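Here the structure is laid out as structure tokens; the discussion comes afterwards.
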Amino acid sequence: MSSESSSRRSPWRNKAVVAALAATMLAGPGIAQAAPQPAPVAGERAAAATITWTLVRASNPTTDQQSAYNLITTAMNAAVARYNNLSDLGKTITVRYEPGVPTADGNINGTIRFGSNRSYMTERTALHEIAHTIGVGTSSGWSSLGGSGTWTGAQATALVRQFDGSSAKISTGGGHFWPYGLNYENEFSGTAADRHVRIVAAMKADGL
């Protein structure tokens, strides 16, 4: 019975083999039938924003102006590189050398001015003034979240507690914040500068 069943199935097997061979021959030699590939899925994360800057220069600078331009360029390049490395903040900044400015200042409209005092032509000052262009001390979000004397935004508060312990807070006043506000040159270090950028980014996420 087993032999009989086997002989009955054989013609069907033979036909299947013949059909498969015929299909292969009809397809032609050397033709690969690749399975269709799905289209690549676009990434969900948008490209990071960046901070860019331009220095307004005199067409025929004096010795004083050229000296200032060199120091300002070094300071701004370092500060912008740090911001772009540690945050997704975006801003287009115009920098001017204006000797009549007592120290330096930054405006939310994207303008930074450096005065003639060379001791302020540093990365610390540039980081601090970039923060003002982002909104520190200059935006409506600053007034609502920092107007009480303590920053109330959840993300920046959580970050400073990660740095300094569970009771840490960010104090605000006069358009500035501390710790890590880099308000004076003696506050600057690599660690403090990195934390400054991260706190400003967290403030922005809070609604700065």
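Worth a mention:
- Residue check, S119 without any contact (Cβ under 8 Å) to a residue 24 or more places away in the chain, touching a helix residue (DSSP H, G or I) at 6+ places or on another chain (Cβ under 8 Å) and of a type outside the set (D, E, K, R): no
- Once the stretch 35-76 is narrowed to residues that are modelled with pLDDT of 95 or more, small (G, A, S) and exposed (fewer than 13 other Cβ atoms within 10 Å of the Cβ), the residue that is farthest from D206 (Cα to Cα) is S59.
- Subset tally (residues that are within 22 Å of the chain's Cα centre (by Cα) and closer than 19 Å to F188 by Cα) for the stretch 140-169: 3
- Search result, residues across the stretch 185-203 that are among the hydroxyl-bearing types (S, T, Y) and part of a helix (DSSP H, G or I): T191
- Scope the stretch 91-102; condition under 20 Å from L182 (Cα atoms) and either surrounded by 13 or more Cβ atoms within 10 Å (Cβ to Cβ) or modelled with pLDDT under 95 (or both); matching residues: K91, I93, V95, V101
- Scope the stretch 104-115; condition touching a helix residue (DSSP H, G or I) at 6+ places or on another chain (Cβ under 7 Å) and of a type outside the set (F, W, Y); matching residues: A104, D105, G106, N107, I108, G110, I112
- Scanning the stretch 76-98 for residues that are touching a Phe, Trp or Tyr at 6+ places or on another chain (Cβ under 8 Å) and over 16 Å from R198 (Cβ atoms) yields M76, T92, I93, T94, V95, R96, Y97, E98.
- Leading residue by the ranking (nearest to A205 (Cα to Cα)) among those in the stretch 77-114 that are part of a loop (DSSP other than H, G, I, E, B) and among the hydroxyl-bearing types (S, T, Y): S87
- For the stretch 153-171, a residue qualifies if it is in contact (Cβ under 8 Å) with a residue 40 or more places away in the chain and either of a type in the set (K, R) or in contact with a helix residue (DSSP H, G or I) (Cβ under 6 Å, 6 or more places away or on another chain) (or both), and the qualifying residues are G153, Q155, A156, L159.
- Residue match in the stretch 165-179 (condition: of a type in the set (V, I, T) and within 20 Å of A78 (Cα to Cα)): no
- Test: residue in the stretch 124-139 that is buried (at least 16 other Cβ atoms within 10 Å of the Cβ), more than 23 Å from the chain's Cα centre (by Cα) and farther than 30 Å from T62 by Cβ: no
The values are calculated or read from the model by the stated rules, or taken from the named source; none is laboratory data. Computed from a predicted structure; not experimentally measured. Heads up, the Cβs are rebuilt from the backbone with ideal geometry, glycines too, and the neighbour counts pull from every protein chain shown.
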